[in-house]
2 protein chains.
Amino acid sequence: MMMNLITLKKIKQMINIPFCKPYLTNNEISYISTVLDKKKLSGNGDFTKKCHHLFNEYYGFKNCLLTSSCTDALEMAAILIDIHPGDEVIMPSYTFVSTANAFILRGAKILFVDSRKDSPGMDEDKIEELITSKTKAIVPVHYAGISCDMDKIMLIAKKYGLFVIEDAAQSIDSYYIDKNGNKSPLGSFGDLAAFSFHETKNIISGEGGMLVINNEEFKDRAEIIWEKGTNRSAFFRGEVNKYGWVDLGSSFLPSEITAAFLYAQLEQINKIQKRRLDIWNLYYERLSYLSSKFSIQTSFVPHYSTNNGHIFYIVCNTLNERTDLIDYLKQKGILAVFHYLSLHKSDYFEKLHDTRSLVQSDRYSDCLLRLPLYNDLELTDVNLICSEIINYFESKI
Amino acid sequence: MMMNLITLKKIKQMINIPFCKPYLTNNEISYISTVLDKKKLSGNGDFTKKCHHLFNEYYGFKNCLLTSSCTDALEMAAILIDIHPGDEVIMPSYTFVSTANAFILRGAKILFVDSRKDSPGMDEDKIEELITSKTKAIVPVHYAGISCDMDKIMLIAKKYGLFVIEDAAQSIDSYYIDKNGNKSPLGSFGDLAAFSFHETKNIISGEGGMLVINNEEFKDRAEIIWEKGTNRSAFFRGEVNKYGWVDLGSSFLPSEITAAFLYAQLEQINKIQKRRLDIWNLYYERLSYLSSKFSIQTSFVPHYSTNNGHIFYIVCNTLNERTDLIDYLKQKGILAVFHYLSLHKSDYFEKLHDTRSLVQSDRYSDCLLRLPLYNDLELTDVNLICSEIINYFESKI
């Protein structure tokens with residue numbers, strides 16, 4: 001987020017390997033044409049239902065609702081758990097602004113937790129000390145699709161009677177593995193979970209998201225809030241004989257055009273995921289050398305998580321080193337980019353944050369670097385990128 | 001909103017003339033393909049900018065931002081004018097739930113105004129009596145694209161220092177005519193105005209909307225709120241050298257896929273509008289007979305408004321008469337539908353409403369009937385519908 005615009009424009013002209021390139025299955029246009037032929041364009045039509053059905057089939061998400069964005073799904077979650085001014089919500093500082101905004105819009109006070117030393121996810125051992133009588137929810141963010149320690153988080157939530165909202169924006173097709181070796185998909189743990197289908201994600205619809213409702217208590221109200229606070233969906237299922245305004249709500253549902261696009265992607269998720277993992281694994285294999293020789297931290301998958309190939313990152317030792325490496329790679333035509341800036345240090349939140357320093361979050365803000373990862377990236381290019389990174393560190397000895 | 005599901009399904013099989021059918025220009029798929037070819041799918045890309053440009057060119061909307069829905073545009077407005085718990089907002093009861101929800105989500109108390117006797121728009125003469133020291137905004141809704149008396153409303157707003165947010169959901173390409181005969185587009189009066197491009201509107205994108213920012217004071221912050229509370233847009237224009245979290249916000253921007261669809265429509269707005277007006281005018285011509293012979297109120301365009309052909313309605317004398325007429329038309333294969341239910345009498349709001357009875361709003365809830373109106377409707381069918389309606393009333397003498 002820190003280069004200036006002229007530099008950015010120049011770079012874009014030079015780059016041979018971009019950071020990200022949306023993948024298309026080539027069925028998107030055909031499915032959108034189907035929507036246009038049927039002339040049912042607004043939300044909650046056939047393709048929306050087909051997407052809901054596949055998410056259930058693939059991941060057992062019995063109750064899910066497509067949304068216009070992951071931000072919208074998080075906002076629905078905040079409304080569903082009845083966030084009111086004064087309520088406190090605990091989440092990592094190293095995350096996207098929407099994780100926090102969604103709850104702040106309902107009046108919540110945010111308590112930011114530091115990241116883990118071994119990965120950018122929130123440090124589960126630092127949650128409990130922030131809990132007060134006002135705490136209402138914990139929002140774990142599965143950074144890079146790598147699971148938080150869900151057993152630990154769910155235990156804390158149970159002990160204090162807190163809601164858990166998973167920010168699963170990056171977590172499609174990733175799993176938590178419990179101590180008995182059983183795998184459960186991310187997004188199936190929290191009372192509610194939010195996914196993103198923004199063009200930068202594994203499965204996309206341009207803009208787009210989804211709310212998964214695991215706590216049955218929220219099922220009916222979720223649908224009402226989704227439909228602008230009306231019981232329209234229940235009416236069309238024949239459960240009520242008229243419909244009207246029954247609750248708060250917004251227009252959270254995406255058009256059928258968006259849903260058709262997403263469905264084309266979702267059908268081919270296995271193919272998409274296989275390719276992303278091939279790329280990720282090659283990075284991991286080649287760059288493990290960095291950690292052994294130069295103590296450079298790279299993407300870490302703990303024993304309790306699978307990996308969905310969403311992000312491969314390395315963590316430099318200093319901000320200067322990262323800036324220098326970004327410049328070096330740019331000169332080679334490779335665009336690698338950093339990620340979040342600690343939210344507790346943002347212009348908006350700095351004045352609202354307590355005085356705790358969040359060392360790891362700041363370290364990832366300064367030092368984490370994401371490498372190019374998209375389906376059309378050639379493995380020869382991955383090898384090239386790895387070689388250049390190794391060259392860079394070798395040349396500094 | 002009151003027929004049961006089985007009846008509804010049966011009707012759908014029988015109907016020859018639906019109530020609404022989205023119109024396609026046939027450029028939608030081609031423009032969406034362009035977006036896919038460029039692989040820039042998320043919001044605020046070329047087609048979003050092209051839409052903003054055309055809205056400026058057509059209507060002089062210098063500052064406008066596409067949104068995922070009109071609901072989203074209204075929510076942006078509520079955030080922009082800093083609605084807080086305790087603030088009061090005045091709006092008609094005869095409107096869509098989102099008009100109210102957007103402000104309630106920020107904590108506002110809603111004061112509902114009755115409709116006019118001659119049209120479903122809010123009765124401008126009943127606004128002033130509701131103003132208190134807590135009143136923050138007036139939200140006029142231009143029902144059916146017919147303008148409220150904007151001189152009257154703007155004068156009241158000025159007198160009491162209130163914001164005006166136009167709910168222009170139905171009002172694209174409609175104008176207010178001042179006492180000197182000067183025409184200004186609806187959406188150009190309020191500090192802010194919200195438009196809808198839902199599939200039921202004149203110009204569509206499945207789901208979709210737009211916020212128009214007329215009060216320059218809100219220009220910069222609107223863009224920030226639109227971009228999830230970050231100054232990302234300013235960064236990409238080179239106005240700041242880094243970007244981050246600076247304010248509240250959400251993900252209000254639609255994908256480029258949605259924007260491309262809208263652009264295809266917007267290019268052909270003159271053709272679309274001409275056809276809708278031809279249909280509307282034929283209804284008006286044929287059904288004026290109803291008002292002269294049976295004192296049946298029909299769509300009314302006051303001297304200070306143009307008409308954008310969005311809705312043609314008639315107002316029956318009683319709920320029973322309307323139900324009977326709907327059934328009669330159904331038997332002839334014609335689907336005519338009612339519209340809003342007074343919000344002050346909804347399950348959600350009834351307990352929050354003061355005791356004022358809003359007679360006209362209730363009358364339109366019970367008696368207003370919208371007739372089929374879409375671009376592909378044949379004028380012979382319009383004649384047929386009119387004849388059937390006249391037959392119905394003649395047969396009751």
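I'd like to check something: does the stretch A:345-362 contain any residue that is in contact with a strand residue (DSSP E or B) (Cβ under 6 Å, 6 or more places away or on another chain) and within 23 Å of A:Tyr284 (Cα to Cα)?
yes
So, of the residues in the stretch B:272-283 that are surrounded by fewer than 18 Cβ atoms within 10 Å (Cβ to Cβ) and under 22 Å from B:Gly121 (Cα atoms), which turns out to be nearest to the chain's Cα centre (by Cα)?
Step by step, filter the stretch B:272-283, then rank; the result is B:Leu277.
Looking only at the stretch A:41-83, how many residues end up being facing chain B (nearest Cβ under 8 Å), more than 16 Å from A:Leu192 (Cβ to Cβ) and out of contact with any Gly (no Cβ under 9 Å at 6 or more places or on another chain)?
Result for the stretch A:41-83: 0.
Considering the stretch B:290-322 alone, what residues qualify as being within 18 Å of the chain's Cα centre (by Cα), surrounded by fewer than 19 Cβ atoms within 10 Å (Cβ to Cβ) and either farther than 15 Å from B:Asp118 by Cβ or without any contact (Cβ under 8 Å) to a residue 24 or more places away in the chain (or both)?
B:Thr306
Residues are listed down the side, and each one gets a yes or a no for (1) buried (at least 22 other Cβ atoms within 10 Å of the Cβ); (2) assigned to a loop (DSSP other than H, G, I, E, B); (3) modelled with pLDDT under 95:
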{"residue": "B:Leu65", "(1), (2), (3)": "yes, no, no"}
{"residue": "B:Thr71", "(1), (2), (3)": "yes, no, no"}
{"residue": "B:Glu75", "(1), (2), (3)": "yes, no, no"}
{"residue": "B:Ala78", "(1), (2), (3)": "yes, no, no"}
{"residue": "B:Ile90", "(1), (2), (3)": "yes, no, no"}
{"residue": "B:Thr95", "(1), (2), (3)": "yes, yes, no"}
{"residue": "B:Ser98", "(1), (2), (3)": "yes, no, no"}
{"residue": "B:Leu111", "(1), (2), (3)": "yes, no, no"}
{"residue": "B:Lys117", "(1), (2), (3)": "no, yes, no"}
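Could you list, in sequence order, all residues of the stretch B:343-364 that are touching a His at 6+ places or on another chain (Cβ under 8 Å) and buried (at least 22 other Cβ atoms within 10 Å of the Cβ)?
B:His344, B:Leu358, B:Ser361, B:Tyr364
Is there a residue being more than 13 Å from chain A (Cβ to nearest Cβ), under 20 Å from the mean Cα position of the chain (by Cα) and at negative phi anywhere in the stretch B:350-361?
yes
Tally time: how many residues in the stretch A:368-383 are touching a residue at least 24 places away in the same chain (Cβ under 8 Å) and surrounded by fewer than 18 Cβ atoms within 10 Å (Cβ to Cβ)?
Within the stretch A:368-383, the subset touching a residue at least 24 places away in the same chain (Cβ under 8 Å) is A:368-377, A:379, A:381-383.
Of the ones still in play, those that are also surrounded by fewer than 18 Cβ atoms within 10 Å (Cβ to Cβ) are A:376, A:379, A:381, A:383.
Summing the residues that are touching a residue at least 24 places away in the same chain (Cβ under 8 Å) and surrounded by fewer than 18 Cβ atoms within 10 Å (Cβ to Cβ) in the stretch A:368-383 gives 4.
May I ask you to list pairs of residues, at least six apart or on different chains, whose Cβ atoms are under 6 Å apart, with the first in the stretch B:14-27 being within 13 Å of another protein chain (Cβ to nearest Cβ) and the second being aliphatic (A, V, I, L, M) and assigned to a loop (DSSP other than H, G, I, E, B)?
Here the result reads B:Pro18/B:Leu335; B:Phe19/B:Leu335; B:Pro22/A:Leu41; B:Pro22/B:Ile204, each pair linking the stretch B:14-27 to a residue that is aliphatic (A, V, I, L, M) and assigned to a loop (DSSP other than H, G, I, E, B).
Could you go through the stretch A:327-349 and let me know if any residue there is polar (S, T, N, Q), in the same structural domain as A:Tyr284 (by TED's automatic domain parsing) and within 23 Å of the chain's Cα centre (by Cα).
Yes, some residue in the stretch A:327-349 is polar (S, T, N, Q), in the same structural domain as A:Tyr284 (by TED's automatic domain parsing) and within 23 Å of the chain's Cα centre (by Cα).
Looking at (1) more than 7 Å from chain A (Cβ to nearest Cβ); (2) touching a residue at least 60 places away in the same chain (Cβ under 8 Å); (3) outside any strand (DSSP E or B), which is the only condition B:Ala234 fails?
Single failed check for B:Ala234: (2).
If B:Ile225 meets every condition in (1) more than 14 Å from chain A (Cβ to nearest Cβ); (2) assigned to a helix (DSSP H, G or I); (3) not charged (D, E, K, R) apart from one, which number is that one?
Of (1) more than 14 Å from chain A (Cβ to nearest Cβ); (2) assigned to a helix (DSSP H, G or I); (3) not charged (D, E, K, R), only one is false for B:Ile225: (1).
Could you run through the stretch A:325-353 and say how many residues are more than 24 Å from A:Ala100 (Cβ to Cβ) and either free of Cβ contacts under 8 Å to residues at least 12 places away in the same chain or not charged (D, E, K, R) (or both)?
Residues of the stretch A:325-353 more than 24 Å from A:Ala100 (Cβ to Cβ): A:325-336.
Subsequent filtering for residues that are either free of Cβ contacts under 8 Å to residues at least 12 places away in the same chain or not charged (D, E, K, R) (or both) retains A:325-329, A:331, A:333-336.
Going through the stretch A:325-353 one residue at a time, the tally reaches 10.
What do you reckon, is A:Tyr340 aromatic (Phe, Trp, Tyr), closer than 30 Å to A:Gly43 by Cβ and buried (at least 17 other Cβ atoms within 10 Å of the Cβ)?
no
Given the structure, is B:Lys330 of a type in the set (Lys, Arg), out of contact with any Asp or Glu (no Cβ under 6 Å at 6 or more places or on another chain), within 24 Å of B:Ile146 (Cβ to Cβ) and modelled with pLDDT of 95 or more?
When the stated conditions are applied, B:Lys330 does not pass them.
The values are calculated or read from the model by the stated rules, or taken from the named source; none is laboratory data. On a predicted model such as this, the values are computed, not experimentally measured, just so you know. Quick reminder, even Gly has a Cβ in these numbers, built from the backbone with ideal geometry, and neighbours come from all protein chains shown.
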